[in-house]
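Only one structure is covered here, and it is reproduced in the block below.
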Number of protein chains: 2
Amino acid sequence: MAKFLTNREENYSQWYNDLVIKADMAEYSAVRGCMVIKPYGYAIWEKVQSELDKMFKATGHVNAYFPLFIPKSFFSREADHVKGFAKECAVVTHYRLKNDETGKGIVVDPTAKLEEELVVRPTSETIIWNSYKNWIQSYRDLPILINQWANVVRWEMRTRLFLRTSEFLWQEGHTAHATSEEAIEETEKMIGVYADFAENFMAIPVVKGVKTVNERFAGALDTYTIEALMQDGKALQAGTSHFLGQNFAKAFDVQFTDKSGKLDYVWATSWGVSTRLIGALIMAHSDNNGLVLPPKLAPTQVVIIPIFKTEEQLDSISKEANRIKADLEAMGISVKYDDRDNNTPGFKFADYELKGVPVRLAIGPRDLKNGTIEVARRDTLTKETIQMSAITEHVKSLLREIQKNIFNKALRFREENTRYVDRWDQFVDTLDNEGGFIYAHWDGTTETEEKIKELTKSTIRCIPLNSKDEEGKCILTGKPSARRVLFARAY
Amino acid sequence: MAKFLTNREENYSQWYNDLVIKADMAEYSAVRGCMVIKPYGYAIWEKVQSELDKMFKATGHVNAYFPLFIPKSFFSREADHVKGFAKECAVVTHYRLKNDETGKGIVVDPTAKLEEELVVRPTSETIIWNSYKNWIQSYRDLPILINQWANVVRWEMRTRLFLRTSEFLWQEGHTAHATSEEAIEETEKMIGVYADFAENFMAIPVVKGVKTVNERFAGALDTYTIEALMQDGKALQAGTSHFLGQNFAKAFDVQFTDKSGKLDYVWATSWGVSTRLIGALIMAHSDNNGLVLPPKLAPTQVVIIPIFKTEEQLDSISKEANRIKADLEAMGISVKYDDRDNNTPGFKFADYELKGVPVRLAIGPRDLKNGTIEVARRDTLTKETIQMSAITEHVKSLLREIQKNIFNKALRFREENTRYVDRWDQFVDTLDNEGGFIYAHWDGTTETEEKIKELTKSTIRCIPLNSKDEEGKCILTGKPSARRVLFARAY
């Protein structure tokens, strides 16, 4: 199987596309820019959902569901929001089809035109704040801490599976607060949750920071982001959390009576991650043999493969394999025993490598005799022989080790590809020849930021939260700067 | 709170609407016919999803995700399907908005017209079978057992929260098989799963049966249904499972090579339940005090309310309450301890009655002294005093008993409202004055079925799977009939 993958070093982009298809994660559909998420890809998304959902609930959030459609006029209410989102989107104009009079299939019924067009949600701030208006009268109704799991549509011209598709799945949190401080605290808490999830489940180290004015979410006063580095040296924005101030409350006239009896507009946040995370997961860890999945998000953590020639051999091996499977499952580990007889062990080995199953156990007749088992790690592609009696404990600690190793490897890669650059020629040279994260000084103006983007295709990924004060000169203009910001070319 | 509900016996329909709103389950949105599912309603849907998903996976299914949009022409491919679904639906015709040149908000950009209109999925057979075409070559690729959790849109003219909305949430299973027998077996298995879920989780007894030709899903050879009886004597179709034969395989040219090397079209099923189930849940069990939820689907199974006057009393009660909460949670029971001091115990009692929390525990200073606790059941509205030391075991068995009692009550109601009718005048009289399920003879023709519907507004809910052969005469025409079918007025 793996031989069908383009070499990662030769053509990273083609390697990615090949991998998504060959590992049965997703494919394009008949609808332009929309993907089919196949069962294996969706199983990873289910893991992501399940873990994030627990984290959201542990931080006091509840789920709800708001309409797919948003009246067109809602977008005009918030001045910045309309610029950002009321552009490339799917517009519903009619509500009926009818038989074509010439008998050639069906056509849109022109008499069924909507009075006001509906936009398929690209994000739900407007429809949600229009609902919150009726839910909030007093400070006693606050905070509202709601999350929604949903599909959204942004009509993208250039699409890539998982990374940028016209329809994608995501979650969007929308919270309402009595004070600015509380809303900012929520914004920061949720970027913290995302960073925690990225590092501890996806095994991807991230830089937490705030976006520049230019890169903010349309309608936000501040956008927090987590930025990850992919293996080709490009950055990927993996999650964002927005402090929306009172912008949406004002746009939808949502006021509340505070403790002192005074009327004020409600403070808002929103935050989201999407199926794009699966693209990040693939690009951060995988290799020329296929996917490398962190055990905590792998749909199947362990696969057991019997090596046999006769039915009799298979029977004895199966007995042992099923016992091990049951023992591992009792420890909460997901196991597949693949005793199909229409594929060779070699084919199966390659297939599970392609699919990124973290641990592979192989049992043959000789193992049975010796009381041993062969254990292969997907992350390092190494094998060892283990006593059968110690296998469950071994696998348990091995999964922990693999999770840690994948993270450490990604961290090491990021460290090796993070540079502090002070001269323009070096900045350009680094971008062209090395890629990676670049910490450089910037004079703080949108003009310079856009000029740099135009000249180098690199953007300011964020102003890192933990960046130290350091006097310096802007990489482009030489004007004074108080701290370094994070530059990179990005997905 | 409860006093705001319309009396169920006076105006059942208004009682239902009141209850959905007052219990904070859902509300209408700014978009015609689309609802907002509020956190409490959504929490029930999450329980439904979680249990059904486990059952689907236990029967070998996996989840995937297919596009929201379907090219218009796909609907024309299957002749019956187009009649059923390509009518009242949301049609996307454009993919861009722009600023109005007169400066008055935004308008649809006429230059961004789609070559082919896209329909927001009312159901996904067509887009899914168009994908399956590429996935299936040989019998080795079969069966495909996929489910999808998704939103769908059917442009309804008359809507009711949960029961009939333009957008709703559902799951749709779409399976592909090598033989007709296997597909029929799957169709029957899944209606069995639905019946199991309805009876054992929702506590609603259902009649399993097949629909008449007239009431079949558009494109199906057979539609299996589960039919439930609501408290106002009307039937509600709670889930359907369709044997689609080779119709969609032929429409999308999906052929496979069987074991003998012969080409044949693939056999299909589809099956679904939706947020409508929440409407059924409300209507089957609730009363004039509010919701009555079966413990297995209640977001909060037990609420503990402290009765106190002083801070000191609250402190001692909280200590005990938190211990009980922890003990119950350790048993997997969901508990809320409501120690808010801005509402009276009486207000809280009424509120949790309205919300249908199955068990309410109240602890006051006297209880602390006596080592007792007051236990109230939502289903019977009865109270008893229990020794504090025995409370966890008591609550555990009480939840089981409540689950059983709610089902038995619904079953008794159905039995009391199921009638065998043989004369037309009695048939009409029963429908007009009693409602309920009516088993009557029918001559088997669509013509008679439609005539009965026209005359009485009752429909054949199904031909029950367990109905016995019994010679009789059609209730309307007097023509011979071999078995009784199930009639009712329905939602």
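Any read-out appearing in this document is the output of simple, stated calculations on the displayed coordinates, not a laboratory observation. Just so you know, these numbers come straight off a predicted model, no measurement behind them. When we count neighbours, we look across all protein chains shown, and the Cβ atoms used for this are built from the backbone with ideal geometry, even at glycine.
Data table
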| read-out | value |
| --- | --- |
| Principal axis box of segment A:2-285, alpha-carbon based, largest edge first, Å | 70, 60, 33 |
| Segment A:57-106: trypsin sites (Lys or Arg not before Pro) in DSSP coil with no more than 12 other Cβ atoms inside 10 Å | A:K104 |
| 222 nm mean residue ellipticity, helices alone, for chain B (DSSP H n ≥ 4; -39,500 (n - 2.57); rounded to 500) | -11000 deg cm²/dmol |
| For B:R419, inter-copy label distances in nm, listed shortest first [label point 7 Å out on the Cα-Cβ vector] | 8.7 |
| Separation in nanometres of the label points that stand 7 Å from Cα toward Cβ, at A:R483 and B:E447 | 8.4 nm |
| For B:H394, B:H285, order by how many other beta-carbon atoms lie within 10 Å, fewest first | B:H394, B:H285 |
| Model label zone, A:A490; criterion: amide N under 16 Å from point 7 Å along Cα-to-beta-carbon; scope segment A:275-304 | A:276-277, A:280 |
| C-alpha long axis of helix B:12-22 to longest principal axis of chain B, angle in ° | 70 degrees |
| Nearest-first distances (nm) between copies at B:K383, label 7 Å from Cα via Cβ | 7.2 |
| Difference of contour (0.36 nm per residue) and Cα-Cα distance, A:S73 to A:K309 | 78.0 nm |
| In Hz, Karplus ³J(HN,Hα) per residue of segment A:32-41 (6.51, -1.76, 1.60; θ = phi - 60°; x = Gly, Pro) | 3, x, 9, 10, 9, 8, 7, x, 5, x |
| Length released on extending from B:N134 to B:D341, taking residue separation times 0.36 nm less the Cα-Cα span | 68.3 nm |
| Backbone HN-Hα couplings from phi across segment A:477-482 [Karplus 6.51/-1.76/1.60, Hz, Gly and Pro as x] | 9, x, 5, x, 9, 9 |
| Helix B:424-433 vs. chain B, principal-axis angle (Cα, 0 to 90°, nearest 10) | 40 degrees |
| Modelled FRET efficiency - R0 45 Å, B:T6 with A:D258, Cβ distances, 0.05 increments | 0.80 |
| Label point distance in nm, A:D429-B:V428, each placed 7 Å from Cα along Cα→Cβ | 9.8 nm |
| Pair B:Q14, B:S389: separation of 7 Å Cα→Cβ label points (nm) | 5.3 nm |
| Cα radius of gyration and Dmax for segment A:299-409 (Å) | 13.3, 44 |
| Neighbour-limited loop hits for trypsin sites (Lys or Arg not before Pro), segment A:230-298 (at most 11 other Cβ within 10 Å; DSSP other than H, G, I, E, B) | A:K259, A:K262 |
| For B:A26, distant residues with modelled amide H under 5 Å away | B:K38 |
| Over segment A:213-372, relative contact order from alpha-carbon pairs under 8 Å, at least 6 apart, % | 20 percent |
| Vicinal HN-Hα couplings computed from phi for segment A:105-117 (Karplus, 6.51 cos²θ - 1.76 cosθ + 1.60; Hz; Gly/Pro x) | x, 10, 10, 6, 7, x, 7, 9, 8, 6, 5, 10, 5 |
| Exposure rule at most 14 other beta-carbon atoms within 10 Å, DSSP loop GluC sites (Glu not before Pro): chain A longest free segment | A:102-433 |
| Position B:E447, label points 7 Å along Cα→Cβ, spacing to each other copy in nm (shortest first, one decimal) | 8.6 |
| Diffusion coefficient, µm² s⁻¹, Stokes-Einstein with Kirkwood Rh over alpha-carbon pairs of chain B at 4 °C and 1.567 mPa s | 51 µm²/s |
| Two-site FRET efficiency, A:T111 against B:L455, from Cβ-Cβ distance with R₀ of 30 Å, rounded to 0.05 | 0.40 |
| Between segment A:378-439 and segment B:73-112, the Cα center-to-center distance that results, in Å | 47 Å |
| Neighbourhood charge, 10 Å Cβ-Cβ cut-off, centred on A:T223 and excluding it, Lys, Arg +1 and Asp, Glu -1 | 0 |
| Estimated translational D of the protein assembly as shown in µm²/s (Stokes, Kirkwood radius over Cα pairs; 4 °C; 1.567 mPa s) | 42 µm²/s |
| Percentage relative contact order, chain B, counting C-alpha pairs under 8 Å, at least six apart | 14 percent |
| Kirkwood Rh (inverse of mean 1/r, distinct Cα pairs), segment A:205-250, angstrom | 11.5 Å |
| Whole-angstrom Cα spans of segment B:246-364 along principal axes, big to small | 82, 33, 19 |
| Taking N as its residue count, the alpha carbon Rg of segment B:418-488 over 2.2 N^0.38 Å | 0.97 |
